[in-house]
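Reading through the structure tokens given below for one structure.
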Amino acid sequence: MAEEGSSQGPKEQIIVDLEPGSEWRFELEADENIALRVLSPDPVFINSEELPPATWYPIHRYTKGALYAPTQARVEVTSLLASQYTSTSTIHPQLLNVHLALERTRILAKRYLYGTGSNGADRVERGPRVMIMGPPSSGKTTVVKNLVNLALSSGMGWTVGVGGLDPSSPSNLIPGTLSLSTPSHPIPTHQLAHPFGSPPTSTPSNTLSADIPTVGWWLGGLEPTNRNAEVWKVLIERMGEDWKKRCERDKMALASGLIVDTSSAFTNPLLGTKKDDPKARYTLVSQAVEAFDIDTILVIGHEKLHIDLSRLPALQQKGVGVIRIPKSGGVVDVDDTQRELIQSFQIRSYFYGEPPLPRELTGLLGKMVSTDGSLNPYSFQIGWETLVVLRVGEENSAPSSALPLGSSRTLSPTRLTRVDPSGPAHVVRLLNTVLAIVDIKPEDRIKPEKSPKVEELKTEGVEGDEVKEEEEEEDMEEVPFREEIGTREVLGFIVITAIDTQKKKYTVLSPSPGKLPSTVAIAGSIEWVDSA
């Protein structure tokens, strides 16, 4: 419970007393920023990260979380929140049991890989591969963060891989991306953006939370759907191949294992089902299990999902274990408005860095945990002909009804379509659109085949001019690159903030000054307007 008492300072001292095995849960509003300080000798944890003793730990507005005390503890808080309470109902013992089982697998795998263990029949050749699943607002990301922090706090030097397969709540980058990262330090909980830490490109490199190598792939949407299912499949396959290559080069990464956070769309059994196999169920789950060689699935609180996955033939054949863990009573349901606010905050943090320390916390006496600094984004203009904007997927092409009678579409589901900014519809779709910059190599360029010229048509006056105009339009829509660049890992992100139709130039916002690493960008459906 929270107690108020007089202190030597001008402000009242607020103390939260925690019983052994209890949680102090809080929900910060728009005008609430707090800092915590542990006064007791025993440790207190936030998402399994130990709070430093006698040091202020800042938490920014809108953040929702909980402190866990395995033993009796006292915590000082700078202000009494409108929504806060203590509870003895916690899932930390269950998470600790899962962690111990995963830790045993890591230790056995390390012994085998480094030649210090036995080669018996029960040998373990690699670390655990775990995928977390559950419905919306079930606490999937929180469970992943706890398991990662428990592994990184064990003192064994693990480099646990974190797979972010939830584009609506990306682990390290911005909404619309899938990512793989390998944090080396416990991940802090200071604000909404970057729940698994920030990539070095978005924060100063002298902070712990920025020390997270991250590789991203651009989906361009907030969740997998039947329309982008083929693109999703290609991205997952590429992520799995990259993780396999990483493990081949790094024995410690192979022993440390992988923990995958998933989208709530994974709970839809019919999503991704093809017409030629209408009885297939949980196609997205089977794809991810195959790509990352998953051996364990943790289902949060969804009994039917647990039973369905346990009976899924594809998982039974691979021997994948399906385990159900309880849902935390402190999980907060997030509505669409809150999700939009979180996503906008995540995009802004990518360009402007982490939010500065709130004014009401800068004057606190005593040590303060160092937080990430801000960035100075760079805005500049670039010509339409210089920046090539593409879209990926068959849904961006003309509808089948526009084809001639009797003809059928034979397009690749990952085909590239070049965006023409001169069209009014495209201007609306490009303004405030987030673009993913992709690397282009010399072998990626292709020469479009030109149709032979017809001399007779050129002498027919108006009809010849019309044919010439049509040929020019077709040339503008030609994409001189191979299709695979649309599903390649990205170099970074920019936002189109303005379009000058007179000068034919874009105004773009970049997180850092200087020349763009590439002038080929992939557009999706993610838009952002800086309203801060």
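The values are calculated or read from the model by the stated rules, or taken from the named source; none is laboratory data. Quick caveat: nothing in here was measured; it's all calculated off a predicted structure. For neighbour counting, all protein chains shown are included, and Cβ atoms are generated from backbone atoms with ideal geometry for every residue, glycine included. Ligands, DNA and RNA are stripped out before the accessible areas are found, and what is left, the full protein with its side chains, is counted by its heavy atoms. Shrake-Rupley method; radii C 1.70, N 1.55, O 1.52, S 1.80 Å.
Numbers for the structure displayed
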item: Subset of the stretch 511-532 [at pLDDT 90 or above and within 25 Å of Pro424 (Cα to Cα)]; result: Thr519, Val520, Ala521, Ile522, Ala523, Gly524, Ser525, Ile526, Glu527, Trp528, Val529
item: Candidates Pro135, Pro167 - the one that is closer than 22 Å to Glu340 by Cα and either outside any loop (DSSP other than H, G, I, E, B) or open to solvent by less than 30 Å² (accessible area, probe 1.4 Å) (or both); result: Pro167
item: Condition check for Ser118: surrounded by fewer than 17 Cβ atoms within 10 Å (Cβ to Cβ), more than 15 Å from Pro326 (Cα to Cα), modelled with pLDDT under 95 and touching a strand residue (DSSP E or B) at 6+ places or on another chain (Cβ under 6 Å); result: no
item: First in the stretch 242-269 and not assigned by TED's automatic domain parsing to the domain that holds Met156, second anywhere and at pLDDT below 95, Cβ under 6 Å, 6 or more apart; result: none
item: Criterion (in a loop (DSSP other than H, G, I, E, B), surrounded by fewer than 18 Cβ atoms within 10 Å (Cβ to Cβ) and of a type in the set (Lys, Arg)) met by exactly one of Arg104, Arg123, Arg111; result: Arg123
item: Candidates Ile485, Ile494, filtered to the one that is outside any helix (DSSP H, G or I), closer than 30 Å to Gly514 by Cβ and modelled with pLDDT of 90 or more; result: Ile494
item: Qualifying residue in the stretch 36-58 (condition: open to solvent by 50 Å² or more (accessible area, probe 1.4 Å), closer than 15 Å to Met368 by Cβ, in contact with a Leu (Cβ under 8 Å, 6 or more places away or on another chain) and part of a loop (DSSP other than H, G, I, E, B)); result: yes
item: Residue check, Arg359 of a type in the set (Lys, Arg), free of Cβ contacts under 8 Å to residues at least 24 places away in the same chain, more than 27 Å from Thr283 (Cβ to Cβ) and open to solvent by 80 Å² or more (accessible area, probe 1.4 Å); result: yes
item: All positions within the stretch 493-509 that are closer than 23 Å to Gly353 by Cα and either open to solvent by 10 Å² or more (accessible area, probe 1.4 Å) or touching a His at 6+ places or on another chain (Cβ under 8 Å) (or both); result: Thr497, Ala498, Thr507, Leu509
item: Filter result (in a loop (DSSP other than H, G, I, E, B), open to solvent by 20 Å² or more (accessible area, probe 1.4 Å) and at negative phi) within the stretch 138-164; result: Ser153, Ser154, Met156, Thr159
item: Where a residue in the stretch 137-161 is closer than 15 Å to Ile325 by Cα and its partner, wherever it lies, is hydrophobic (A, V, I, L, M, F, W, C) and in a helix (DSSP H, G or I), with Cβ under 8 Å and at least six apart; result: Val143/Leu95; Asn146/Leu95; Leu147/Leu95; Leu147/Val98; Leu147/Leu102
item: Filter result for Arg104 (among the basic types (Lys, Arg), out of contact with any Gly (no Cβ under 9 Å at 6 or more places or on another chain) and under 30 Å from Val320 (Cβ atoms)); result: yes
item: Enumeration of residues in the stretch 264-292 that are open to solvent by 60 Å² or more (accessible area, probe 1.4 Å) and either within 23 Å of the chain's Cα centre (by Cα) or polar (S, T, N, Q) (or both); result: Asn268, Glu290
item: Tabulated pairs, the stretch 512-523, first outside the structural domain of Ala436 (by TED's automatic domain parsing), second open to solvent by 50 Å² or more (accessible area, probe 1.4 Å), C-beta under 8 angstrom, 6+ apart or interchain; result: none
item: Long-range neighbours under 7 Å by Cβ, at least six apart or interchain, first residue over 16 Å from Pro70 (Cβ atoms) and polar (S, T, N, Q) within the stretch 7-36, second open to solvent by 50 Å² or more (accessible area, probe 1.4 Å) and at pLDDT 95 or above; result: none
item: Condition met for Pro200 (assigned to a loop (DSSP other than H, G, I, E, B), under 13 Å from the mean Cα position of the chain (by Cα) and at pLDDT below 85); result: no
item: All positions within the stretch 293-334 that are among the acidic types (Asp, Glu), out of contact with any Ser or Thr (no Cβ under 9 Å at 6 or more places or on another chain) and exposed (fewer than 13 other Cβ atoms within 10 Å of the Cβ); result: Glu303
item: Selection within the stretch 230-244 - in contact with a strand residue (DSSP E or B) (Cβ under 8 Å, 6 or more places away or on another chain) and under 13 Å from Ser179 (Cα atoms); result: Leu235, Ile236, Arg238, Met239, Asp242, Trp243
item: Set Val75, Val130: member being in the same structural domain as Glu23 (by TED's automatic domain parsing), open to solvent by less than 40 Å² (accessible area, probe 1.4 Å), at pLDDT 95 or above and not in a helix (DSSP H, G or I); result: Val75
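Here is a yes/no grid of residues against (1) in contact with a strand residue (DSSP E or B) (Cβ under 7 Å, 6 or more places away or on another chain); (2) of a type in the set (D, E, K, R):
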{"site": "Gly272", "(1), (2)": "no, no"}
{"site": "Lys279", "(1), (2)": "no, yes"}
{"site": "Thr283", "(1), (2)": "no, no"}
{"site": "Asp293", "(1), (2)": "yes, yes"}
{"site": "Val334", "(1), (2)": "no, no"}
{"site": "Tyr350", "(1), (2)": "yes, no"}
